[in-house]
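Worksheet: one structure, shown below.
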Amino acid sequence: MIELGALALRLALVAAVYAVLAAVAGARLRRTDVVASSRAAAYAVNGLVVVATAVLLRALLQHDFSLEYVAAYSSSTLPTQYVAAALWGGQQGSLLFWTLLLTTMSTLVHLQNRDRNQALMPYVTTTLMTTAIFFLALTVFVTDPFERLPVPAREGADLNPLLQNYWMMIHPPSLYLGYVGCSVPFAFGMAALVTGRLGDVWIRTTRRWTLFAWFFLTIGNLLGARWAYEVLGWGGYWAWDPVENAAFMPWLACTAFLHSVMIQEKRNMLKMWNMVLVLLTFTLTIFGTFLTRGGVVSSVHSFTQSGLGPFFIGFLGVVIAVSVALLYLRRPLLRSENEIDSFLSREGAFLFNNLLLVGIAFATFWGTVFPVISEAVRGIKITVGPPFFNKVNTPLGLALLFMIGVGPVIAWRRSTARNLRRNFTIPIVAGVLTGVALLGAGLVGNYYAIVCFSLAAFVIATIVLEFYRGTRARQALMGEPPATALVHLVNKNRRRYGGYIIHVGVVLAFVGIAASAAFRVEEQRTMRAGDTVEVGGFALTYKGMRQADNPHVASMLAEIEVARGGRVIATMFPEKRFYKRQQQPTTEVAMRTTWREDLYLVLGSYDQESGLMTLQAFINPLVIWIWIGGIVMVLGTVVSVLPTAAEQRALAAALAVEERGLAVWSE
């Protein structure tokens, strides 16, 4: 079976090379049969990678320690769910899993476009299969998941204890789906550049793929933050770690692209900018993969013992060079047919929104790579920590929050004073009253937080007004009850109102981030059994230590009784775990979550002789609203991605125009 998996990868590499050659030849010669053979080869690549992945997963589940990968990332005592997750828990397996997702998406793209986009699809195949060739070449020649040990190991080294958490089951696959999903709009963008078909067909064709990628990038980042919050035991969820930044930057670029394409669809503007954004998004996903696997940064998320850096840099260089060359060649076709009439317009607001998103991405990029550049050039290792990122990105983030409220409701082309008064008087009043109320309540410790809450009220008010006015207008027109009118309103324009729902989720996340950052309480106390300490209105009583043991892990749990207002409300058990295979301790936090705050307890240390226990306690206000905001964003994305009849008609019309300009391939 192991030889079958290795053979499948090698055959997949050969088939991917053939798919590229046949796609280019078929397009140049206008041979539909040759193009069809390239499509069949792409299907074969996917099937062969599925076989290889299944073989590696079987080896993991059967504890075949003759394989170096299985011996390095699993053990016989590792719980089964983490044995399966070890498929993407190590270098070789994660690259194979990435290739599986890429080739599967390629198959879906080919199935969707069997009878349309005939001019674009050969070059879409070329781009996707070229990317697959890169990853397949790594798994075949550089980091083989089927490499055997000279002598089979008697036992595995086990999965990294920090990864033995249920978030490991869903966070990496979510992020990989987002990363790999960005390759589809990139492939269509490259195809549009090669063929010169730079209308909005490629954008309309890939809109849902872009939303799909954005959706999973969003989920991946949120789940990663939740994993850090629960597993790392430091009371926070985002530390501006290089690999966290690597996942954040493509999300920013993809968000900018999703907003910017609306201007192209509506006003036939920003063609060059949109193409730059889709190319930037893809290159940032490759850059993020380089940071994770290149061994150039130190992170709990990265594969530090790796020699893949030069390969990723080389591939990234080729992608950038080809993209820039095509942009230069096609620049006459990428000129906008219209100009922004006024910056007080929806086009102007979306452009400012884009500039802010790209500005945050650039600041994050520079703060991430500067230590690497400094060490390479000067030999001095410099750390760029959270203070830099917070200082630069906080005001940009607040400006972005403001634009979230302005962009969707300001008029196209040019806003009048009447339009501005109608749309923004009530939201501005809501924002100002919120700020005044917070100042009156004595929350003067962090003005950034007060500004954030005021802007959040402003944005929510604009969105509520949009739903209210749309519902009332439909009631007046159709005579429907309010609930029915609201449902039909959203159903008729899912993209618009789904976007509003996503914005509500973003606002909730902003509120959770601002509150938990500005008003967090942190205490560290050393206690004996029976001692009680007061932390932020909670009385924490240390009752004693418990122990647990099994063949895989030994645990030590501190029993903490939590009281508030003289009433016991919970018993919590922060713990230390000692993983026997890895000989490594980890911290398992205890949390009590309410809509208002999280009580977050960490067992720092325990001295058995003296009976002294060190307890860290954090009170994180409103942090749950970050995760609630994520759920709302998921809901909004689901609403947005569902097609409407109008969108389907628009895509069909655009495709018809494109097809009328094509030569008859069958000839």
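The values are calculated or read from the model by the stated rules, or taken from the named source; none is laboratory data. None of the values given here were measured: they were computed from a predicted structure. Counting neighbours? That spans all protein chains shown, and the Cβs are built from the backbone with ideal geometry, glycine included.
Residues of segment 406-445 that are assigned to a loop (DSSP other than H, G, I, E, B) and either over 30 Å from D341 (Cβ atoms) or touching a His at 6+ places or on another chain (Cβ under 8 Å) (or both): G407, P408, A441, G442, L443, V444, G445.
Determine the pairs where a residue that is aromatic (F, W, Y), located within segment 519-546, has a partner that is part of a strand (DSSP E or B) and surrounded by fewer than 17 Cβ atoms within 10 Å (Cβ to Cβ) with Cβ atoms under 7 Å apart, the partner being 6 or more residues away or on another chain. Cβ pairs passing all conditions: F538/R564.
Of the residues making up segment 448-460, those that are hydrophobic (A, V, I, L, M, F, W, C) and either in contact (Cβ under 8 Å) with a residue 40 or more places away in the chain or at positive phi (or both) are A449, V451, C452, F453, L455, A456, F458, V459, I460. Residue-level analysis places V487 among those that are over 17 Å from G629 (Cα atoms) and exposed (fewer than 15 other Cβ atoms within 10 Å of the Cβ). Does segment 568-582 contain any residue that is part of a strand (DSSP E or B) and in contact with a helix residue (DSSP H, G or I) (Cβ under 6 Å, 6 or more places away or on another chain)? Within segment 568-582, one or more residues are part of a strand (DSSP E or B) and in contact with a helix residue (DSSP H, G or I) (Cβ under 6 Å, 6 or more places away or on another chain).
For segment 474-494, the criterion of being touching a residue at least 60 places away in the same chain (Cβ under 8 Å) and outside any helix (DSSP H, G or I) is met by at least one residue. Considering V372, V432, the condition of being surrounded by 13 or more Cβ atoms within 10 Å (Cβ to Cβ) and at pLDDT 90 or above is satisfied by V432 alone. From the list V511, V504, V521, V432, the lone residue that is among the hydrophobic types (A, V, I, L, M, F, W, C) and closer than 30 Å to M545 by Cα is V521. Considering every residue within segment 120-127, establish whether at least one is aliphatic (A, V, I, L, M), out of contact with any Pro (no Cβ under 7 Å at 6 or more places or on another chain) and more than 20 Å from V20 (Cα to Cα). No, that holds for no residue. Between R495, R546, R520, which is in contact with a Leu (Cβ under 7 Å, 6 or more places away or on another chain) and modelled with pLDDT under 95? The unique qualifying residue is R546. Every condition in (1) without any contact (Cβ under 8 Å) to a residue 24 or more places away in the chain; (2) outside any helix (DSSP H, G or I) is met by F141 except one, and the failing one is (2). Number of residues in segment 614-639 that are assigned to a strand (DSSP E or B), out of contact with any Ser or Thr (no Cβ under 7 Å at 6 or more places or on another chain) and not small (G, A, S): the value is 4. Within segment 191-202, is even one residue surrounded by fewer than 23 Cβ atoms within 10 Å (Cβ to Cβ), among the polar types (S, T, N, Q) and not in a helix (DSSP H, G or I)? Within segment 191-202, none of the residues are surrounded by fewer than 23 Cβ atoms within 10 Å (Cβ to Cβ), among the polar types (S, T, N, Q) and not in a helix (DSSP H, G or I). Does segment 68-88 contain at least one residue that is modelled with pLDDT under 95, touching a Phe, Trp or Tyr at 6+ places or on another chain (Cβ under 6 Å), of a type in the set (S, T, N, Q) and farther than 19 Å from T285 by Cβ? Looking through segment 68-88, none of the residues is modelled with pLDDT under 95, touching a Phe, Trp or Tyr at 6+ places or on another chain (Cβ under 6 Å), of a type in the set (S, T, N, Q) and farther than 19 Å from T285 by Cβ. Restricted to segment 435-463, and to residues there that are of a type in the set (S, T, N, Q) and crowded, with 21+ Cβ neighbours inside 10 Å, the residue that is nearest to A514 (Cα to Cα) is S454.
When we screen V358, V318, V322 for residues that are assigned to a helix (DSSP H, G or I), surrounded by fewer than 16 Cβ atoms within 10 Å (Cβ to Cβ) and at pLDDT 95 or above, the only hit is V318. If the condition is being closer than 20 Å to L162 by Cβ, of a type in the set (S, T, N, Q) and assigned to a strand (DSSP E or B), then segment 583-597 contributes Q584, T586, T587. The set of residues from segment 550-567 being small (G, A, S) and either assigned to a loop (DSSP other than H, G, I, E, B) or free of Cβ contacts under 8 Å to residues at least 40 places away in the same chain (or both) comprises A554, S555, A563, G565, G566. Selection over segment 102-156 of residues that are of a type in the set (F, W, Y) and within 30 Å of S75 (Cα to Cα) gives a count of 3. One residue is enough: does segment 136-145 have a residue meeting the conditions under 21 Å from L277 (Cβ atoms), among the aliphatic types (A, V, I, L, M) and crowded, with 19+ Cβ neighbours inside 10 Å? No, segment 136-145 has no match at all. Selection over segment 311-337 of residues that are over 15 Å from A191 (Cβ atoms) and among the basic types (K, R) gives a count of 2. Can you name the residue in segment 217-236 that is surrounded by fewer than 23 Cβ atoms within 10 Å (Cβ to Cβ) and among the aromatic types (F, W, Y) and, of all such residues, is nearest to V406 (Cα to Cα)? Checked segment 217-236; the qualifying residue nearest to V406 (Cα to Cα) is W227. Restricting T255, T289 to those that are modelled with pLDDT under 90 and either over 16 Å from G189 (Cα atoms) or of a type in the set (D, E) (or both) reduces the list to T289. When segment 462-471 is filtered for residues that are more than 27 Å from V261 (Cβ to Cβ) and in contact with a helix residue (DSSP H, G or I) (Cβ under 8 Å, 6 or more places away or on another chain), only T471 remains.
Taken together, A548, A509 contain a single residue that is among the small types (G, A, S) and within 30 Å of L443 (Cβ to Cβ), which is A509.
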